[in-house]
Amino acid sequence: MADKKQKSWGELAFLFGIALAIVLSFFPDTSDRTTPGLVLAILGLIVGFFNITYKETSSFLVAAIVLLLVGSAGLDFLPYIGDWLGTAFINISHFVAPAAMIVAFKTVIDLAKNS
């Protein structure tokens, strides 16, 4: 029962994190950019700890790599939508990077235990 409750918290954190990253991209000129980034990072940590199972690890890490690469691709130089799209993927990167770090650490620990 506790695993199911943890999974639901992780799912909610994931959905809220992605939604928050997209919503924040509509307000790129806020005076305090550290608070939204910190909230996204904390939600990413929650997702990394509670939402990704061992079976989902490889798929999640590949998806995280792609999202992080797209976030650093310089999409803000695209005409018309570049500013918004670049900001959205940077926010998503702030959310996905901590989750990927936790999942990668958990995977390394599991691999070390199995050797």
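The values are calculated or read from the model by the stated rules, or taken from the named source; none is laboratory data. What you see is a predicted model; the values in this text were computed from it and never measured. Cβ placement follows ideal geometry from the backbone for every residue including glycine, while neighbour counts extend to all protein chains displayed.
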The range 60-84 residues that are under 21 Å from Phe26 (Cβ atoms), paired with ones that are part of a loop (DSSP other than H, G, I, E, B) and not aromatic (Phe, Trp, Tyr) (beta carbon under 8 Å, 6 or more apart)
Asp83/Pro28; Trp84/Ser25; Trp84/Pro28
Looking at the range 51-59, is at least one residue under 26 Å from Ile109 (Cβ atoms), crowded, with 17+ Cβ neighbours inside 10 Å and of a type in the set (Phe, Trp, Tyr)?
no
Show the residue pairs meeting these rules: Cβ distance below 7 Å; 6+ apart or different chains; first residue within the range 26-49 and among the aromatic types (Phe, Trp, Tyr) and surrounded by 14 or more Cβ atoms within 10 Å (Cβ to Cβ); second residue part of a helix (DSSP H, G or I) and at pLDDT 80 or above.
Phe49/Ile102
If the requirement is being under 30 Å from Asn114 (Cα atoms) and surrounded by fewer than 16 Cβ atoms within 10 Å (Cβ to Cβ), which of these qualifies: Val96, Val62, Val103?
Val62
